[in-house]
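As C-alpha cells, the structure follows; a few thoughts come after it.
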Amino acid sequence: MICARECPDWCIHIASHTETAPSVGSARPRRHTVLDRFAIDYGQCLYCGICVEVCPFDALHWAQEYDYPGTGARAVDDLVHERDRLGAWVVDVPPPPPLDPGAEPAPEAAVRRPPGTGTPSR
C-alpha cells in the first residue's frame, strides 16, 4: 500500500493476505487481496499529510475534529486506531469542494490537440 510505504515515520500498519476465488466454468481462478489489519499509530505520526496526498483511492482524509487520547495507563493504547475505529470517523470528513465549471481540465482528461490548431484531433 502506497500510504504505508511513503510514510516517513512508518506509523501506518497494514497486514493482508491473498486468496484465490473458485473459478467459474473454464475461467482461470482469480486472486484477490484481503485486508486483515489497517491501523494508524498517532503516537508516531508527524501529521505531515503525505499519506493523504499519495493515496490513489482517496481513502485517507483529514478530519476537522480529533479524538485526543485519554490519560493514565490507557492513553498509549488510545494512540493506535484500528480499521473499525477509523471507519467511525467518516461522518467527520467534509465533502469535497464542488468542481469549478470554469476551470481547465486536468492534463490527463484534456483532449489532445495537434500543434497550431484549435480543434481536437481524432
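The values are calculated or read from the model by the stated rules, or taken from the named source; none is laboratory data. Remember, predicted model here, so these are calculated numbers, not experimental data. Here Cβ is always computed from backbone atoms with ideal geometry, including for glycine, and neighbour counts include all displayed protein chains.
Six or more apart or on different chains, Cβ atoms under 6 Å: show the pairs whose first residue is in segment 1-29 and without any contact (Cβ under 8 Å) to a residue 40 or more places away in the chain and over 16 Å from Arg83 (Cα atoms) and whose second is surrounded by 11 or more Cβ atoms within 10 Å (Cβ to Cβ) and of a type in the set (S, T, N, Q).
Asp9/Gln44
For a quick check of your reading of the model, give me the residue pairs whose first member lies in segment 32-55 and is over 15 Å from Glu82 (Cβ atoms), whose second is β-branched (Val, Ile, Thr) and part of a strand (DSSP E or B), with beta-carbon atoms closer than 8 Å and at least 6 apart or on different chains.
Every condition considered, the pairs that remain are His32/Thr18; Thr33/Thr18; Val34/Thr18; Cys51/Ile12.
Kindly indicate whether any position in segment 46-62 is among the charged types (D, E, K, R) and over 27 Å from Pro96 (Cβ atoms).
So far as segment 46-62 goes, no, none of its residues is among the charged types (D, E, K, R) and over 27 Å from Pro96 (Cβ atoms).
Quick one: Pro107 ticks every box in (1) exposed (fewer than 13 other Cβ atoms within 10 Å of the Cβ); (2) modelled with pLDDT under 70; (3) over 24 Å from Ile2 (Cβ atoms); (4) of a type outside the set (Ser, Thr, Tyr) bar one, so which box is it?
Answer for Pro107: the failing condition is (3).
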